[in-house]
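The values are calculated or read from the model by the stated rules, or taken from the named source; none is laboratory data. None of these values were measured; they are calculated from a predicted model. Here Cβ is always computed from backbone atoms with ideal geometry, including for glycine, and neighbour counts include all displayed protein chains. Just so you know, the surface numbers come from the protein's heavy atoms only, side chains and all, with ligands and any DNA or RNA stripped out. Shrake-Rupley method; radii C 1.70, N 1.55, O 1.52, S 1.80 Å.
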Amino acid sequence: MKPRPVSVLVISALLAIEGLAVLAYALAYAVQLGEAGVLGMGARIFMLVLIVAAGAWQLFVGYSFFRARAWTRAAALMWQVFQIILAIPYFQTGDALMAWLWLVPAALIIVLLFDPRTTAFLGDRPSAESSSAE
């Protein structure tokens, strides 16, 4: 079994935290499900299912990334791009703290996804140890 670089541990932890944050939002959304709103009940329930699925998917991606599944880089990268896109309007509404809470982890994950140790761990390139042994 390959030793996990620190970058992989950080990415896995941040992906898990993001997944848990989405599930926490789903819980808050579920608590307010019965209140009056613009959407009908069917649409609200669909949205709740979608939010829960997104949170569960993010947790699964974090777990799979920890287990060195190479496909998870694309899933994690797309989530982070989506997160950056959603964070930008928070700067315009004056809620800079929320924007930074979305941007900093996303930027950190994106940078670490392309760290040579991370890509070697995922099997995309030879590790430094194996190339120096040749």
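Of note:
- Degrees separating the helix 6-31 axis from the principal Cα axis of the chain, which is the longest one: 10
- Once the Cα-Cα distance is subtracted from the 0.36 nm per residue extended length, the A28 to A107 segment shows a gain of 25.8 nm.
- Exposed loop sites are taken as chymotrypsin sites (Phe, Trp or Tyr not before Pro) in a DSSP loop (any state but H, G, I, E or B) with at most 15 other beta carbon atoms within 10 Å; the longest stretch of the chain without one runs 1-70.
- Projecting the Cα atoms of A75, F91, G42 onto the charge dipole of region 1-103, computed from C-beta unit charges around the Cα centre, puts A75 farthest toward the positive end.
- Rolling a 1.4 Å probe across the protein heavy atoms gives the chain an accessible surface of 62 Å² per residue.
- Distance between the modelled labels on A43 and L20, one decimal in nanometres: 3.3 nm (7 Å Cα→Cβ projection).
- The magnitude of the dipole of the chain, with charges of +1 and -1 set on the Cβ of Lys/Arg and Asp/Glu and taken from the Cα centre, is near 280 debye.
- Among V49, V38, V22: highest mean-square fluctuation, GNM of the chain, C-alpha pairs under 10 Å: V38
- A simple spin-label model places pseudo-atoms 7 Å from Cα toward Cβ; at R4 and I84 they are separated by 2.5 nm.
- Point-to-point label distance, M98-F114, nm (Cα→Cβ direction, 7 Å offset): 3.0
- Sum of -39500 (n - 2.57) over DSSP H runs of 4+, divided by residues of the chain (222 nm, nearest 500): -25500 deg cm²/dmol
- Taking Rg and Dmax of the Cα atoms in Å as calculated from this structure, the corresponding entry among [x] 17.9, 67; [y] 14.4, 45; [z] 17.9, 64 is [x].
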